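The values are calculated or read from the model by the stated rules, or taken from the named source; none is laboratory data. Since the model is a prediction, treat every value here as computed from it, not as a measurement. Reconstructed Cβ throughout: ideal geometry from the backbone, glycine too, with neighbour counts over all protein chains shown.
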Amino acid sequence: MRPSGREIDMMRPISIETGITKHAEGSCLIRCGDTHVLCTASIETRVPGFLKGSGLGWVTAEYGMLPRSTSTRMRREAAAGRQGGRTLEIQRLIGRALRAGVDRVALGERQITLDCDVIQADGGTRCAAITGGWVALRLAVDRLINAGEIAQDPIRDNVAAVSCGIYAGQTVLDLDYAEDSEAGADGNFVMLGSGGLVEVQMSAEGDAFTRAQMETLMDLARKGISELVAAQDAAVGR
């Protein structure tokens, strides 16, 4: 039995509310159960130095957890004077995941930055940030298209992410914190809406897992991704 009472292939309740902030070109608040992440997209008419003159656009991300997003207050990383290794790893994951669904030639020489701020954490924050980040990105790109600033839609596909793992000997979909903290193995699966794999991060915390278990986890992830993509499309009106 899962702590939440969910079936092994059941996602937490998903909601995506758009237009959360006034100034960002695209924004949403994504809720995956008790994990809540604010995602905003900002468009700049510049690219990193290594891309100048290339004709290619760039999509990048920044990620952070608010001090009381967890059960005890965390110190702000700004107060420590630097970002932690976990933060850097997660924001790089978000950036490269979202770039996988973008035609950077069609985007042109502009940069879109996704800011993903965790308001409340209960497991799967990086997955929620990727899924919500895509919605904010989609809305920002729609603004460019509607303004006539780009002629071709640079977004080739949805990008979403979900966690899966082995809890109490069972393969389960969409781990919350109670499961993640006790899982024998856990991973993050990033996929395109069409089913292609973008990235898989999987590791055992105790006993090694089998190929058969990995294939079952992959099937669970595909089911979860299909539900997330449906929620994304509903949020952006597609």
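β-branched (Val, Ile, Thr), free of Cβ contacts under 8 Å to residues at least 24 places away in the same chain and not in a strand (DSSP E or B) - does that describe any residue in the stretch 41-49? Within the stretch 41-49 (the criterion being β-branched (Val, Ile, Thr), free of Cβ contacts under 8 Å to residues at least 24 places away in the same chain and not in a strand (DSSP E or B)), the answer is no, since none of the residues qualifies. Among the residues of the stretch 1-12, those identified as modelled with pLDDT of 95 or more, in contact with an Asp or Glu (Cβ under 9 Å, 6 or more places away or on another chain) and not acidic (Asp, Glu) are ARG6, MET10, MET11, ARG12.
For the stretch 97-115, state whether one or more residues are surrounded by 15 or more Cβ atoms within 10 Å (Cβ to Cβ), part of a loop (DSSP other than H, G, I, E, B), in contact (Cβ under 8 Å) with a residue 12 or more places away in the chain and out of contact with any strand residue (DSSP E or B) (no Cβ under 8 Å at 6 or more places or on another chain). For the stretch 97-115, residues surrounded by 15 or more Cβ atoms within 10 Å (Cβ to Cβ), part of a loop (DSSP other than H, G, I, E, B), in contact (Cβ under 8 Å) with a residue 12 or more places away in the chain and out of contact with any strand residue (DSSP E or B) (no Cβ under 8 Å at 6 or more places or on another chain): present. For residues that are crowded, with 20+ Cβ neighbours inside 10 Å and polar (S, T, N, Q), scanning just the stretch 116-147, find the one that is nearest to ARG238 (Cα to Cα). For the stretch 116-147, the residue satisfying everything is THR131. When GLU179 is tested against (1) modelled with pLDDT of 95 or more; (2) out of contact with any Phe, Trp or Tyr (no Cβ under 9 Å at 6 or more places or on another chain); (3) surrounded by fewer than 24 Cβ atoms within 10 Å (Cβ to Cβ); (4) within 21 Å of THR35 (Cα to Cα), exactly one condition is not met: (2). All of (1) at pLDDT below 95; (2) in contact with a Leu (Cβ under 7 Å, 6 or more places away or on another chain) hold for ARG82 with one exception: (2).
Restricting attention to the stretch 13-32, the residues that are in a strand (DSSP E or B) and either modelled with pLDDT under 95 or more than 17 Å from the chain's Cα centre (by Cα) (or both) add up to 0.
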